[in-house]
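Notes follow the structure.
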């Protein structure tokens with residue numbers, strides 16, 4: 001893309017929310033990421049460099065362009081989206097394809113992530129290797145289930161044997177159908193936002209040229 005003249009990259013994805021403060025349907029403008037596969041030897045930069053111009057030790061402290069992120073919120077204002085429609089947060093990248101266990105969700109939340117997904121970061125790294133500016137928009141399509149406590153099966157059995165049975169609390173699970181359904185439901189909202197961002201970026205470019 002860089003060789004075709006692309007300077008700015010907008011990436012969209014579906015993600016699970018790790019906090020009730022970011023409900024399903026929210027679009028999260030990513031400001032940082034936590035790449036779990038990188039910590040286990042699955043960094044997308046491993047292997048031979050595709051170009052001698054690429055940095056082996058790529059700095060990612062500025063991976064997400066403040067300039068492009070600003071356009072996201074300006075676009076939201078132009079489209080008269082409610083204030084809660086867009087927020088900022090940190091994206092946790094996991095390898096998948098299984099959804100997170102409660103313990104994994106709790107770990108990611110405690111590590112500072114707000115949303116979690118199975119894509120995007122390799123593309124971010126590739127774009128930054130080419131020195132392109134990057135923005136990521138994550139549509140929250142499901143709530144990661146993170147119960148505050150686990151119901152003790154030991155306590156359940158003891159209560160049953162004592163003649164005082166207690167009801168078991170079933171833990172909800174993620175549904176791929178829910179993810180797909182929310183994605184379809186919010187597709188037009190995301191489309192209109194991206195189109196408006198592109199318009200603002202194009203207007204900026206035209207203004208600079210003139």
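The values are calculated or read from the model by the stated rules, or taken from the named source; none is laboratory data. Because the structure is a prediction, the values reported are computed rather than measured. FYI the Cβ positions are ideal-geometry reconstructions off the backbone, even for glycines, and counts take in every protein chain you see.
Just a yes or no: is a residue in the stretch 117-131 buried (at least 16 other Cβ atoms within 10 Å of the Cβ), in contact with a strand residue (DSSP E or B) (Cβ under 8 Å, 6 or more places away or on another chain) and assigned to a strand (DSSP E or B)?
There is at least one residue in the stretch 117-131 that is buried (at least 16 other Cβ atoms within 10 Å of the Cβ), in contact with a strand residue (DSSP E or B) (Cβ under 8 Å, 6 or more places away or on another chain) and assigned to a strand (DSSP E or B).
Suppose the filter is surrounded by 10 or more Cβ atoms within 10 Å (Cβ to Cβ), outside any loop (DSSP other than H, G, I, E, B) and either out of contact with any helix residue (DSSP H, G or I) (no Cβ under 9 Å at 6 or more places or on another chain) or at pLDDT below 90 (or both); does residue 203 pass it?
On the way: surrounded by 10 or more Cβ atoms within 10 Å (Cβ to Cβ): yes; outside any loop (DSSP other than H, G, I, E, B): yes; either out of contact with any helix residue (DSSP H, G or I) (no Cβ under 9 Å at 6 or more places or on another chain) or at pLDDT below 90 (or both): yes.
Spelling it out, residue 203 is indeed surrounded by 10 or more Cβ atoms within 10 Å (Cβ to Cβ), outside any loop (DSSP other than H, G, I, E, B) and either out of contact with any helix residue (DSSP H, G or I) (no Cβ under 9 Å at 6 or more places or on another chain) or at pLDDT below 90 (or both).
State all residues of the stretch 93-106 that are surrounded by 20 or more Cβ atoms within 10 Å (Cβ to Cβ) and either part of a strand (DSSP E or B) or more than 17 Å from the chain's Cα centre (by Cα) (or both); if no residue qualifies, say none.
Within the stretch 93-106, the subset surrounded by 20 or more Cβ atoms within 10 Å (Cβ to Cβ) is 93-94, 100, 105.
Listed by number, the list holds a single entry, 93.
How many of the residues in the stretch 78-87 are closer than 24 Å to residue 202 by Cα and either in contact with a helix residue (DSSP H, G or I) (Cβ under 9 Å, 6 or more places away or on another chain) or surrounded by 15 or more Cβ atoms within 10 Å (Cβ to Cβ) (or both)?
Adding up the residues that qualify gives 6.
Considering the stretch 163-177 alone, what residues qualify as being touching a residue at least 40 places away in the same chain (Cβ under 8 Å) and more than 16 Å from residue 13 (Cβ to Cβ)?
Of everything in the stretch 163-177, those that are touching a residue at least 40 places away in the same chain (Cβ under 8 Å) and more than 16 Å from residue 13 (Cβ to Cβ) turn out to be 171, 173.
I'd like the full set of residues that are more than 16 Å from residue 17 (Cα to Cα) and loosely packed, with under 12 Cβ neighbours inside 10 Å, limited to the stretch 158-176. Spell out the reasoning first.
Initial filter on the stretch 158-176 (more than 16 Å from residue 17 (Cα to Cα)): 158-171.
160, 161, 162, 163, 164, 165, 167, 168, 169, 170 - these are the residues of the stretch 158-176 that are more than 16 Å from residue 17 (Cα to Cα) and loosely packed, with under 12 Cβ neighbours inside 10 Å.
When you go through (1) out of contact with any strand residue (DSSP E or B) (no Cβ under 6 Å at 6 or more places or on another chain); (2) surrounded by 17 or more Cβ atoms within 10 Å (Cβ to Cβ); (3) not in a loop (DSSP other than H, G, I, E, B) one by one for residue 90, which number turns out not to apply?
Here residue 90 meets the rest and fails (1).
So residue 151 passes all but one of these: (1) part of a loop (DSSP other than H, G, I, E, B); (2) surrounded by 12 or more Cβ atoms within 10 Å (Cβ to Cβ); (3) in contact with a helix residue (DSSP H, G or I) (Cβ under 7 Å, 6 or more places away or on another chain). Which condition number does it fail?
(3)
Out of the residues in the stretch 1-18 that are in a loop (DSSP other than H, G, I, E, B) and farther than 14 Å from residue 139 by Cα, state the one that is farthest from the chain's Cα centre (by Cα). Full working, then the answer.
Pass one, the stretch 1-18, residues in a loop (DSSP other than H, G, I, E, B): 1, 5-7, 18.
With farther than 14 Å from residue 139 by Cα added as a condition, the list becomes 1, 5-7.
Values: 1: 23, 5: 27, 6: 23, 7: 22 Å.
Among them, the one singled out is 5.
Within the stretch 107-130, restricting attention to residues that are more than 20 Å from residue 72 (Cα to Cα) and at pLDDT below 95, which residue is nearest to the chain's Cα centre (by Cα)?
Only one residue fits best here, namely 122.
Give all pairs with beta carbons closer than 9 Å in which a residue from the stretch 5-23 that is at positive phi and in contact (Cβ under 8 Å) with a residue 12 or more places away in the chain meets a residue that is surrounded by 15 or more Cβ atoms within 10 Å (Cβ to Cβ) and in a strand (DSSP E or B); count only pairs at least 6 apart in sequence or on separate chains.
Hits for this filter: zero, empty list.
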